[in-house]
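Inspection log for the structure reproduced underneath, given as C-alpha cells.
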Amino acid sequence: MDYVYNQKYSRANFYENEILMRQYPGTISIVVPCYNEEEVLPLFHSRLSVVADSLKAKLEIILVDDGSKDRTWEILNEIAQKDKRFKVIKLSRNFGHQLALTCGLDQTKGEVIIILDADLQDPPELIPEMISKWQEGFEVVYGQRSKRHGESILKKLFAFMFYRTISRITKIHIPQDTGDFRLIGRKALNSLLSLRERHRFIRGMVSWVGYPQCPLVYERPERAAGETKYPVRKSLLLAFDAITSFSYAPLRIASYLGAFVSGLAFLYIAVVIALFFYGINFSGYTSMMASILMLGGVQLMVLGIMGEYVGRIFEQGQGRPLYLVDEIKGEPL
Ligand code: UDP
Ligand code: MG
C-alpha cells in the first residue's frame with residue numbers, strides 16, 4: 001500500500017471495518033529533551049499532567065537533561081520524586097538536541113512513543129488525537145506546522161528554504177514544516193533505533209524507515225517561557241547534518257563547476273586566438289589574476305564541501321558512543 005501523507009485519509013475507512021482498528025495502547029512513553037529549561041518546566045509539568053491523567057494507559061515520561069547549566073536537573077529531580085510516572089536522565093554534558101532525544105528514545109519501553117519539546121511549542125493536548133491515528137493503523141503521526149508563532153523572520157525564512165531544498169535533493173520524502181513532535185509506534189521506533197549514525201537528523205530518519213505515516217496539522221504556538229536553544233547558527237548545523245546524511249548532491253557541484261569552468265576556458269582561448277589574427281594582443285596580468293582567483297575560490301569551496309563529508313566519516317569511524325549518561329532516576333514501567 002502507498003505511504004499516506006494526507007491527514008484526511010484514514011486507514012480505518014480504507015478497510016471499511018472499524019474492528020480492524022488497533023486497541024488503545026497499553027503503555028505509552030513520552031520523551032522530552034531539556035536544555036536550560038528551568039523557566040518553563042513547572043508549567044510544562046502541570047500542563048502535561050492534565051493530559052497524562054486523561055490517557056487510559058500505563059505511562060512513562062522520560063525527561064533528559066542535556067547537560068543544562070541552570071537548575072533544570074534539580075527541578076527534574078523534584079518532579080520525579082513527586083510523580084512516579086517520571087523517569088529523569090542526566091547526560092554527562094551537553095550533547096545536543098538530537099542526541100539527547102536519542103538517549104530518551106533508547107530508554108523507552110512503551111508500545112507507542114511520543115516526542116515533545118519542553119517549551120510547550122508542541123501542545124501535549126494533541127496526544128489523544130495522535131493516538132487515535134495510530135489506532136487507525138499509522139505507525140508514525142508527525143506534527144506538521146501550518147503556522148509558526150513567535151519565531152524570528154530569519155528563522156522562518158531559513159526553515160522554509162531548508163525544507164524545500166532538502167526535498168529537491170533527496171530521494172526520501174521528508175515532509176515539509178515538521179519538527180520532532182510526533183508519535184512513533186514500537187515497530188517503527190525499533191527500526192529507527194537500529195540506525196546508530198552520529199550526525200542525526202531524526203525527523204528525516206523517521207521518514208527513511210518507512211511504514212504508514214500521516215501528518216497532524218497544527219498551529220505552532222510561541223515558546224511558553226525562556227529562550228530558543230536553536231539560534232540560526234545551530235539550525236544551520238542541523239541543516240548541514242540533514243543534507244549530508246541524506247544526499248550527496250553537494251559533491252556533484254564539483255563536477256558541474258569543473259565542466260562550467262572548462263567550457264569558459266575553451267571559449268576564452270578561442271577568442272584570444274581569433275583576436276591574435278586581427279593583431280590584438282592582451283597584456284595578461286588582469287585576466288590572469290581574475291582566473292587564478294576564480295579557480296582558487298571554486299577549488300576551495302569544493303574542498304570545503306568534501307571536508308564536510310570527510311569529517312563526518314571520520315567521526316563515524318571513531319565509533320564513540322552517541323552520548324554518556326551520568327544519572328538515571330525513576331522506573332515507571
Ligand atoms: N534542546 C536540547 N539540547 C540542546 C538544545 C535544545 O535538549 O542542545 C531541547 C530544548 O530544551 C527543547 C528542544 O530541544 O526542549 C527544542 O529546542 P528549542 O525549543 O529551543 O528549539 P526551537 O523550538 O526554538 O526550534
Ligand atoms: Mg521550541
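The values are calculated or read from the model by the stated rules, or taken from the named source; none is laboratory data. If you're wondering where the values come from, they're calculated on a predicted model, not measured in any experiment. Note: ideal-geometry Cβ built from the backbone for every residue, glycine included; neighbour counts use all protein chains shown.
Quick notes on this structure:
- The set of residues in the stretch 153-163 that are of a type in the set (D, E, K, R) and either in contact (Cβ under 8 Å) with a residue 12 or more places away in the chain or part of a strand (DSSP E or B) (or both) contains only LYS155.
- Residue count for the stretch 80-90, restricted to those that are of a type outside the set (D, E, K, R) and surrounded by fewer than 22 Cβ atoms within 10 Å (Cβ to Cβ): 2.
- The residues of the stretch 48-81 that are within 14 Å of ligand 1 (Cβ to nearest atom) and over 24 Å from the mean Cα position of the chain (by Cα), listed by number, are ASP70, ARG71, TRP73, ILE75, LEU76.
- Strands (runs of 3 or more DSSP E) wholly inside the stretch 23-91 containing at least 3 residues that are within 16 Å of ligand 2 (Cβ to nearest atom): 27-34
- Where a residue in the stretch 115-133 is farther than 14 Å from LEU43 by Cα and its partner, wherever it lies, is away from ligand 1 (no atom under 16 Å from the Cβ) and among the small types (Gly, Ala, Ser), with Cβ under 8 Å and at least six apart: PRO128/SER54
- Any hit, the stretch 138-152, residues being in a helix (DSSP H, G or I) and either away from ligand 1 (no atom under 13 Å from the Cβ) or surrounded by fewer than 18 Cβ atoms within 10 Å (Cβ to Cβ) (or both): no
- Complete set of residues in the stretch 104-126 that are more than 14 Å from ligand 2 (Cβ to nearest atom), surrounded by fewer than 22 Cβ atoms within 10 Å (Cβ to Cβ), over 15 Å from the mean Cα position of the chain (by Cα) and under 26 Å from GLU38 (Cα atoms): ASP106, GLN107, GLU125, LEU126
- Any hit, the stretch 208-229, residues being more than 16 Å from ligand 1 (Cβ to nearest atom) and in a helix (DSSP H, G or I): yes
- Pick from the stretch 212-244, criterion surrounded by fewer than 20 Cβ atoms within 10 Å (Cβ to Cβ) and among the small types (Gly, Ala, Ser), ranking: farthest from ligand 2 (Cβ to nearest atom): ALA239
- Filtered residues of the stretch 154-191 (kept if under 17 Å from PHE246 (Cα atoms) and among the β-branched types (Val, Ile, Thr)): THR165, ILE166, ILE169, THR170, ILE172, ILE174, THR178
- Within the stretch 1-39, considering residues that are aromatic (Phe, Trp, Tyr) and closer than 20 Å to SER207 by Cβ, the one modelled with the highest pLDDT: TYR9
- Conditions (1) over 17 Å from SER49 (Cβ atoms); (2) within 16 Å of ligand 2 (Cβ to nearest atom); (3) in a helix (DSSP H, G or I): number failed by MET130: (2)
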